[in-house]
Amino acid sequence: MQKFIETEKQNIYYSIVRSNRKTIGISISPGYGVKVSAPRMVSDKQIAEVLRSKSSWILEKLSYLENIKSEIPKRKFSDGEMFSVLGKEYPLKIVINPQMASSVSISNNCLVVSLPQNIYEDNSENRTELIRNLIVNWYKQLTMEVISERVNFFSKKMEVIPSNLIIKDLKSIWGSCTGKNTININWKIIMAPMDIVNYLVVHELTHIKIKNHSKHFWGLAESILPNYRECSKWLKDNGHKLSL
């Protein structure tokens, strides 16, 4: 259920997700708006007070999201639509293959989705959803392959060992490193160029050594990846375009 607070400029609508965390966190994304992650024992009134204290920042972010809305792809999952894989654009090609199960691959510089005849002839809404799910699952598998290799490469250079690697659908962040050194990665990063993939991996591996964003953190990350700051800026400026 959405709640809201009133400000001088406009109401701020938000949702609350409670967990065993110790602090209140605020995330803002195009798809989910303002989401507050809060400890179970914190009251709605306390949350509203935190939001009011940060209302200027929240309104600034909401305004930014409204301005970039037109840059977020509106997917139709139809022939010829462009999909990015590691920064390279591929046109979608849907083919009928009666003898095989549904599949996704890159072939002849196209992102090829093969569908059995009966599925291809299904109604448009069901077919579109199926194609989307096939592409998402294919992206996730590729992300695990690429990120695993990159984590292995940079872990040796940085002399760190993550306890686990999880590829998941993160709604408002690109990655995280837990207190137990599990690395979580947003599968959509596979749409970005390899430099950006490297940046995200190095960022999260650096958190195994340094759990904050201090000068020491940035210095260590940049020592491993000299173009670290450029990549960080690229993801901030273009991350919203990496969308399905």
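Taking the Cα centre of the range 55-101 as the origin, how large is its charge dipole in debye, to the nearest 20, when only Lys and Arg (+1) and Asp and Glu (-1) carry charge on their Cβ atoms?
With only Lys, Arg, Asp and Glu charged at Cβ, the dipole is about 120 debye.
How large is the convex hull of the C-alpha atoms of the range 43-112 per residue, in Å³?
176
Take the Cα gyration tensor of the chain, multiply each eigenvalue by 5, square-root it, and list the three semi-axes largest first, rounded to whole angstrom.
The three semi-axes for the chain are 34, 26, 17 Å.
Among THR182, ASN238, ALA192, whose Cα projects farthest towards the positive end of the dipole of the range 174-244, with charges put on the beta-carbon of Lys, Arg (+1) and Asp, Glu (-1)?
Of the options given, the answer is THR182.
With Kirkwood's inverse mean 1/r over C-alpha pairs for Rh, give me the Rg to Rh ratio of the range 34-150, two decimals please.
1.16
Could you give P(r) for the range 110-244, binned at 5 Å from zero, as whole percent values over all Cα-Cα pairs?
2, 9, 18, 21, 18, 11, 7, 5, 4, 3, 1, 0
Keeping the other protein chains in place, figure out the carbon and sulfur percent of the accessible area of the range 1-92, with a 1.4 Å probe.
For the range 1-92, the apolar C and S fraction of the accessible surface comes to 50 percent.
Using amide H atoms built in the peptide plane, which far-off residues or other-chain residues are under 5 Å from GLY87 H to H?
So GLY87 has HN proximity to ALA192.
Around SER176, under 14 Å between beta carbons, what's the net of Lys plus Arg minus Asp minus Glu among the other residues?
Net charge around SER176: +3.
What is the magnitude of the charge dipole of the chain about its Cα centre, with +1 placed on the Cβ of each Lys and Arg, -1 on the Cβ of each Asp and Glu, and no other charges, expressed in debye to the nearest 20?
940
Under 9 Å from the Cβ of SER243, count the other residues' Cβ atoms, weight Lys and Arg +1, Asp and Glu -1, and hand me the total.
Result for the neighbourhood of SER243: +3.
Taking the chain as a Gaussian network, where each spring joins two C-alpha atoms under 10 Å apart, which residue of SER102, SER19, SER63 fluctuates the most?
SER19
Binning at 5 angstrom from zero up to the longest distance, how are the C-alpha pair distances of the range 125-192 distributed in percent?
The calculated distribution, bin by bin, is 3, 16, 22, 23, 16, 9, 5, 3, 2, 1.
Given charges of +1 on the Cβ of Lys and Arg and -1 on the Cβ of Asp and Glu, with all other atoms neutral, how large is the dipole of the range 130-237 about its Cα centre, in debye to the nearest 20?
280
Taking all protein chains in place and a 1.4 Å probe, what share, in percent, of the accessible surface of the range 114-244 do carbon and sulfur account for?
Roughly 51 percent, rounded to a whole number.
Within 14 Å, Cβ to Cβ, of MET41, how many net charges do the neighbouring residues add up to if Lys/Arg are +1 and Asp/Glu are -1?
Charge balance near MET41 sits at +4.
Just the number please: accessible area per residue for the chain, 1.4 Å probe, all protein chains included, in Å².
58
The values are calculated or read from the model by the stated rules, or taken from the named source; none is laboratory data. This structure is a prediction, so every number in the text was calculated from the model and none was measured. All Cβ positions, glycine included, derive from the backbone under ideal geometry; neighbour counts span all protein chains shown. Side chains included, ligands, DNA and RNA excluded: accessible areas come from the protein's heavy atoms. Shrake-Rupley method; radii C 1.70, N 1.55, O 1.52, S 1.80 Å.
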